[in-house]
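Take a look at the structure below.
The values are calculated or read from the model by the stated rules, or taken from the named source; none is laboratory data. Computed from a predicted structure; not experimentally measured. Every residue, glycine among them, receives a Cβ derived from its backbone with ideal geometry; neighbour counts consider all protein chains shown. All accessible areas refer to the heavy atoms of the entire protein, side chains included, with ligands and DNA or RNA removed. Shrake-Rupley method; radii C 1.70, N 1.55, O 1.52, S 1.80 Å.
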Amino acid sequence: MSGCYLCTNKIPLTKEGILSIYTNQSDILSDMKDIITAKGFDSKIRKGKLDLIFHDWHALQKTMDHLKDSLPLRKSTKVKCSLSLLHEEPSDYIPFSEMYMKIMNPRLVKIIQEKLFRSFLQPIVRAEDEEIYGYEFLLRPRSQLYDFNPGELFEFSRQSGMHSMLDSEARMNAIRTSSMMLDAGMKRFINFLPSSIYDPQFCLKSTFRAVEEYRIRPEDLVFEVVETEKIEDMNHLKRIFRYYQNAGVKVALDDLGSGYSTLDVMSELNPDFAKLDRNLIQDCHLDKNKQKKIQVISQVAQNIGVTLLAEGIENEDEWAYLRTKVDLGQGYFFGKPAETPLKQYVK
């Protein structure tokens, strides 16, 4: 396979194959062989790795479960695994914990590997005139046979080491969908995971190829940090933001007002857009403490030139209070995520 390892790593979902286990500690390898042999599997140690031949996926799952329970964490963290078809050489050794997640959740692996998802659109309106300003693109199942919860799918992708693949493919799907659904000038808000982009110049090549291929104006794109991604490396996120902005793309900071997206973070990152945390929005017209926070954030955003968006608006009272404090609004009050864009917000 060519390209970035983080973006292309796959496992074969077949009923039989070889699980290759590697560690540079012979005692751990010996312990694992004993465990596997006790489960009735054929295995052999060759060239410093243990090959387990399986003919039943459920039996493989039980064995992985037994290995996970039997090996202390300090030992399992020193183990890497590869899954391959019979008569093929193993490749792409990954941590034991990631392989465990993949083997135990083949349905989710299939959804990611075969791109069994699509993009729904949720409208974003301007506060000044309530005209539609753009849409956020949200991941949804492509088939009822392979249903999933988007948050759970992204959490699984993180635990299984597939987050770069999912993040990249979701981004590409949103770009492609937006090219078919929206006219030039309409903003397209697309989520991204900073941890999935270890090198912006390399990892985002496919994204910008898609932008060019589908003839999308860079200034119509807004890439935003998703709510589940805590900011652990500020300098890394700054590099990603600057890379996007230098290419003419806008960037957004999500969950402003929550535990980690503080005013200091907004000032340091200087994004084009910032989204108020939906917990701050809920019943804000009734809560004086929330109103104080929103007022402060609104003033700071205005001072540094950040466009402020309130998401999670669910009723007219919330919107009536927020309209004078924010530039944009989003939520079920305006429209739920749908397959096709809402042409006009009807009051």
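Descriptive notes on the structure:
- 0 to 90° range, to nearest 10: angle between helix 288-304 axis and the chain longest Cα axis: 90 degrees
- Alpha carbon Rg of segment 117-242, scaled by the compact-globule rule 2.2 N^0.38 Å: 1.08
- Lys/Arg +1, Asp/Glu -1 at C-beta; segment 96-225 dipole; positive extreme among 185, 221, 172: 172
- Where labels lie 7 Å past Cα in the beta-carbon direction, separation of residue 302 and residue 317 in nm: 2.5 nm
- Rounded to the nearest 20, the size of the Cβ-charge dipole of segment 50-168 about its Cα centre is 560 debye, with Lys and Arg at +1 and Asp and Glu at -1.
- Of the cross-linked pairs 187/292; 275/336; 44/115; 62/110, those separated by over 26 Å at the C-alpha level are 187/292; 44/115.
- Calculated FRET efficiency for the pair residue 110/residue 130, C-beta based, R₀ 35 Å, to 0.05: 0.25
- The chain: most fluctuating residue of 19, 86, 108 per GNM, C-alpha cutoff 10 Å: 86
- This model, with +1 at the C-beta of Lys and Arg and -1 at the C-beta of Asp and Glu, gives the chain a dipole about its Cα centre of some 800 debye.
- Mean ellipticity per residue at 222 nm, deg cm²/dmol - from DSSP H runs of n ≥ 4 across the chain, formula -39500 (n - 2.57): -12000 deg cm²/dmol
- Virtual spin-label span in nm between residue 201 and residue 30, 7 Å along Cα→Cβ: 4.9 nm
- Global form of segment 230-347, assessed from the alpha-carbon gyration tensor, a/c cut-off 1.5: oblate
- Dipole of the chain, positive end: most advanced residue of 149, 77, 269 [Cβ charges, Cα centre]: 77
- Reciprocal of mean inverse Cα separation for segment 1-151 (Kirkwood radius, Å): 17.8 Å
- Spatial separation of Cα centroids for segment 171-197 and segment 44-122, in angstrom: 31 Å
- Of the accessible area of the chain, computed with a 1.4 Å probe over protein heavy atoms only, carbon and sulfur atoms account for 47 percent.
- In the chain, the DSSP beta bridges split such that about 60 percent are antiparallel, to the nearest 5.
- Distant alpha-carbon pairs in segment 168-293 (separation over 26 angstrom), percent: 26 percent
- When only Cα pairs below 8 angstrom with a gap of at least 6 residues are kept, the chain shows a relative contact order of 15 percent.
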